[in-house]
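Bear in mind these aren't lab numbers, they're just calculated from the coordinates by the rules spelled out. Source: prediction; values computed, not measured. Backbone-built Cβ (ideal geometry, glycine too); neighbour counts: all protein chains shown.
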Amino acid sequence: MGDSFCEQLTEDSTSLKHDPRLDTEVVDKLILQLNRIYPQILTDKEATKFRNLDVPTSVRLGELLTHLQGKGEEACREFYRALHLHVEEVYYSLPTRLHLRDSLDPLKLPRVIKQRHALNDRGPLFFMGCFTFVVGMAFFYYYSEAKLTGGSRALGMAALGLKRKAQEVLIWYTEESLIK
């Protein structure tokens, strides 16, 4: 990630404060997670302040986010970790997560895809023509083999450039036709 967690939290703050999925219960879970596991990030006194039910949830959440940004990079990273743990759907819908996911989406990088498949720029008619040619050659070979004496020898020579298994099959077929 190119941006620091503090910068990401600044960008995501508006979205987080207005997300209806972050209700009082979820915000309390996030606060307790930070307080219990990372008391150096959120002390008991600070946790009690941010859990005050007399203050609306969005205001408490905004104050918590500002507080975490003031604490530094580690605090912001742990907030994202807690958010990912408790409300994964909110975590993945944050603007910085969507931006990151879009930047890594291979379907949204047409320039790279075109470079990787530069040889594949011919149309479907070209490939149909190649396929038809190969099928025509196969029919020609099949129906004219009995009339041509060199057909099986040509097949044996064709086996030289193939993989071992295919080579064995072609050589076996050539030997069978020579025996007949």
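Some observations on this one:
- Placing a label point 7 Å from the Cα of GLU74 along the Cα-to-Cβ direction, the residues of region 34-61 whose backbone N falls under 18 Å of that point are 34-47.
- Using the Cβ of ALA75 as centre and a radius below 13 Å, the other residues enclosed give a net charge of -1, where K and R count +1 and D and E count -1.
- When peptides 77-87, 133-143, 42-52 are ranked by their average number of other Cβ atoms within 10 Å per residue, the highest-first order is 77-87, 42-52, 133-143.
- Approximating the spin labels as points 7 Å out from Cα along Cα→Cβ, the ASN52-to-THR132 distance works out to 8.1 nm.
- Column: log10 I(q)/I(0), Debye, Cα scatterers of region 47-101, q = 0.30 Å⁻¹: -1.19
- Per-selection metrics, region 25-79 (Cα): Rg and Dmax in Å: 10.1, 29
- Whole-number D in µm² s⁻¹ for region 1-51, Kirkwood Cα-pair radius fed into Stokes-Einstein, 25 °C, 0.890 mPa s: 202
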